[in-house]
Amino acid sequence: QTRLTALDLIALAASDDDTQSWVGTDDDLDSIAKTCHDPALRHCLPFGVGVHHGGLDEADRKIVENLFERGAIQVLVCTSTLAWGVNFPARLVIVKGTEFFDGKLGRYVDFPVTDVLQMMGRAGRPQFDSVGVACIFVHQPK
């Protein structure tokens, strides 16, 4: 899902002829992307978009974390576990759905409210930024 979301964001930027809007510092993202093992990450980095999920190998994870921390990439599409395990502040946090698949139960269940608040809490942390916005996108029945 993270890969698809990142690709959708890039397609949106391309439709506005603004494919460099999320590139931060002057790092050579094309060269850095060529060192990545994950094909989606290789594709997304030159556009200033990173992906972060459990399927990334350690080297790719370190690359994308470093680029985001330094501001070289402006968008990081990640799984919910990033909100718990890594201290990344952000200006805008979008929570794309409030459910996850519980393998033990064999169905989708709601995130605990504390998890949603933790994800939203990455937006606008006072020691890092003066502004923060958190949005929750859910399907209509929610």
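The values are calculated or read from the model by the stated rules, or taken from the named source; none is laboratory data. Quantities reported herein were computed from a predicted structural model and do not represent experimental measurements. Neighbour counts run over all protein chains shown; Cβ positions are idealised from the backbone, glycine included. Heavy atoms of the whole protein, side chains included, go into the accessibility calculation; ligands, DNA and RNA do not. Shrake-Rupley method; radii C 1.70, N 1.55, O 1.52, S 1.80 Å.
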*Evaluate E = 1/(1 + (r/R0)^6) for SER15 and PHE128, where r is the Cβ-Cβ distance and R0 equals 35 Å; express this FRET efficiency to the nearest 0.05.*
0.70
*Give, in whole angstrom and from largest to smallest, the semi-axes √(5λ) of the equivalent ellipsoid of the chain, with λ running over the eigenvalues of the Cα gyration tensor.*
25, 18, 16
*Taking 7 Å along the Cα-to-C-beta vector as the label spot, tell me the LEU4-GLN118 distance in nanometres, rounded to one decimal.*
2.5 nm
_Quick check: residue separation of TYR108 and ASN66 times 0.36 nm, minus the Cα distance between them. What number comes out in nm?_
11.9 nm
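Helix-only estimate, please: 222 nm mean residue ellipticity of the chain, summing -39500 (n - 2.57) across DSSP H runs of length 4 or more and dividing by its residues, to the nearest 500.
Roughly -10000 deg cm²/dmol at 222 nm, from the helical runs in the chain.
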*How large, in percent, is the carbon and sulfur part of the accessible surface of the chain at a probe radius of 1.4 Å?*
55 percent
*In square angstrom, what is the accessible area per residue of the chain with a 1.4 angstrom probe?*
60 Å²
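Using the Kirkwood formula on the Cα atoms of the stretch 63-121, what hydrodynamic radius do you get, in angstrom to one decimal?
12.8 Å
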*Among LEU41, ASN87, ASN66, whose Cα sits farthest toward the positive end of the charge dipole of the chain (+1 at Cβ of Lys/Arg, -1 at Cβ of Asp/Glu, about the Cα centre)?*
ASN87
_5 Å is the cut-off here: which amide hydrogens, built 1.01 Å from N in the peptide plane, fall below it relative to ALA72, excluding neighbours closer than 5 in sequence?_
THR25
_About the Cα centre, charge dipole magnitude for the chain (Lys/Arg +1, Asp/Glu -1 at Cβ), debye_ = 500 debye
*Non-local amide H neighbours of GLY50 (under 5 Å, H modeled in plane, Pro and chain starts lacking H): which ones?*
VAL75, LEU76, VAL77
*HN-Hα J couplings of the stretch 43-58 from phi, Karplus 6.51/-1.76/1.60, θ = phi - 60°, integer Hz, Gly and Pro as x?*
6, 7, 3, x, 8, x, 10, x, 10, 9, 7, x, x, 6, 6, 4
_Quick one: 3J(HN,Hα) in Hz for the stretch 124-134, Karplus 6.51/-1.76/1.60 with θ = phi - 60°, rounded, Gly and Pro as x._
x, 5, x, 6, 10, 8, 8, 9, x, 9, 10
*asked:* Take THR35 and ILE94, extend 7 Å from each Cα along the Cα→Cβ direction, and tell me the distance between the two endpoints in nm.
replied: 2.9 nm
*Net charge near SER80, counting Lys/Arg +1 and Asp/Glu -1 over other residues with Cβ under 15 Å of its Cβ?*
-2
